[in-house]
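Just below is one structure, and these are the notes that go with it.
The values are calculated or read from the model by the stated rules, or taken from the named source; none is laboratory data. Please read these numbers as outputs of a predicted model, since none were measured by experiment. For neighbour counting, all protein chains shown are included, and Cβ atoms are generated from backbone atoms with ideal geometry for every residue, glycine included.
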Amino acid sequence: MKNLKDLEKSIKEDIKTLDPIELKTKYLSKKGLLTEALKKIKESKDKVKYGKKVNDLKQTLEKVLVSSKRNTKNISTDGKIDPTAPFDVNTREEKRPKISDIKGSSHVLLKERNKILEIFQRMGFDMMESKQIDDDYHMFESLNFPKGHPAREMYDTFWTDENFVLPAHTSTMQNRVLKFFEPPIKVVLPGRCFRHEATDASHEHTFYQLEGIYVSRDASLGEMISVLQGFLEEYFETKIDIRMQPAYFPFTEPDLEFVISCPFCDKSGCSICGQSGWIELMGCGMINPEVLKAANIDPEEYSGFAWGVGIDRLVIMKMGISDIRDLRAGDINFLQMF
């Protein structure tokens, strides 16, 4: 705990002198001081007390980083911009960056999505992009949601006047993939999803999801657990424990929720896992025989498993982002941290 007091003192001093990018690099990067401190929870004699202190320091630093405005200047005292105001080229030209000096960068969601896809590609999975507008058949009927089925309400989403739907999950691609490929099938499907949902720090109406599909003559739950655990340990760069709990999805049978031990506190409890030590991460299960039949695959000959996980959620967990809405707020100070 003495080292944590020194770390707390260092953070307070650096907040006064370092810019947001320097702060993030020093404390929250892969080899940052706070990141290293989190890894030492397992070695602590009092894991709960140690873990709480480290996470408190992390939250304090994150609040400073997100709210920091050191790299911006107010254009006017009331925050409003007059686009009709005259522009004095002679007095402002020196302050304007040259086009050749402006460097672009990839959004943190795109960068992390590519890392996720690279992991699955190394595991032998093909990749297809999900659609951003679809029809009722692929959204519901091909996934064992007949018309009038009450489970449709779980996927409340947006419809066009022409009766097309904005997908509420990337599972809309399952029927197409199962018809397009010959078994054995190993495919992941990243895509944007939309839901008519109240937004808060952990929910958004628009988000990215990753669907996974695996079909073979002897696919099993044990194989599914091995694939998902291997992926998560590679992505979070740490060993994790897992457990399964019952769920309900019309397109899988049995239906499961994949729960992992918190990779940041070693189950001692922190802000990321809600002090429980465990995180309910994704829905998964064996592909329902009716879904296989709808794609002309004989369920007596083949079996498969599928899962769907929110990419946004993986990113905010890995990066320690407290509000999912920050990913799409367009705040340049926030984006520069990544």
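Details
- Qualifying residues in the range 181-199 (those that are surrounded by fewer than 18 Cβ atoms within 10 Å (Cβ to Cβ) and without any contact (Cβ under 8 Å) to a residue 60 or more places away in the chain) - the one farthest from the chain's Cα centre (by Cα): Glu182
- Leading residue by the ranking (surrounded by the most Cβ atoms within 10 Å (Cβ to Cβ)) among those in the range 148-161 that are over 22 Å from the mean Cα position of the chain (by Cα) and among the acidic types (Asp, Glu): Glu153
- Filtered residues of the range 257-288 (kept if modelled with pLDDT of 95 or more and either outside the structural domain of Thr172 (by TED's automatic domain parsing) or not in a strand (DSSP E or B) (or both)): Asn288
- Within the range 311-330, the set of residues being in a loop (DSSP other than H, G, I, E, B), touching a residue at least 40 places away in the same chain (Cβ under 8 Å) and among the hydrophobic types (A, V, I, L, M, F, W, C) comprises just one member, Ile321.
Okay, residues lined up against (1) crowded, with 16+ Cβ neighbours inside 10 Å; (2) farther than 24 Å from Tyr208 by Cα; (3) under 29 Å from the mean Cα position of the chain (by Cα):
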| site | (1), (2), (3) |
| --- | --- |
| Gly269 | yes, yes, yes |
| Gly274 | no, no, yes |
| Glu280 | no, no, yes |
| Cys284 | yes, no, yes |
| Ile287 | yes, no, yes |
| Val291 | yes, no, yes |
| Gly308 | yes, no, yes |
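- Top-ranked residue of the range 51-70 - restricted to ones that are buried (at least 17 other Cβ atoms within 10 Å of the Cβ) and farther than 21 Å from Phe236 by Cα, ranked as nearest to the chain's Cα centre (by Cα): Val66
- Phe145 closer than 15 Å to Phe251 by Cβ and touching a His at 6+ places or on another chain (Cβ under 8 Å): no
- Residue in the range 206-229 that is over 28 Å from Val54 (Cα atoms) and in contact with a His (Cβ under 9 Å, 6 or more places away or on another chain) present: yes
- If the condition is being modelled with pLDDT of 95 or more and assigned to a strand (DSSP E or B), then the range 212-255 contributes Gly212, Ile213, Tyr214, Val215, Ser216.
- Inspection of the range 301-310 finds a residue satisfying the criterion of being in the same structural domain as Arg176 (by TED's automatic domain parsing), at pLDDT 95 or above and part of a loop (DSSP other than H, G, I, E, B).
- Between Phe145, Phe125, Phe164, the distinction of being within 18 Å of Met286 (Cα to Cα), in the same structural domain as Leu292 (by TED's automatic domain parsing) and over 21 Å from the mean Cα position of the chain (by Cα) belongs to Phe145 only.
- Hits in the range 125-180 - residues which are in a strand (DSSP E or B) and touching a residue at least 12 places away in the same chain (Cβ under 8 Å): Asp126, Met127, Asp134, Val165
- Output for the range 2-32, where each listed residue is buried (at least 17 other Cβ atoms within 10 Å of the Cβ) and touching a residue at least 24 places away in the same chain (Cβ under 8 Å): Leu4, Leu7, Ile11, Pro20, Leu23, Lys24, Tyr27, Leu28
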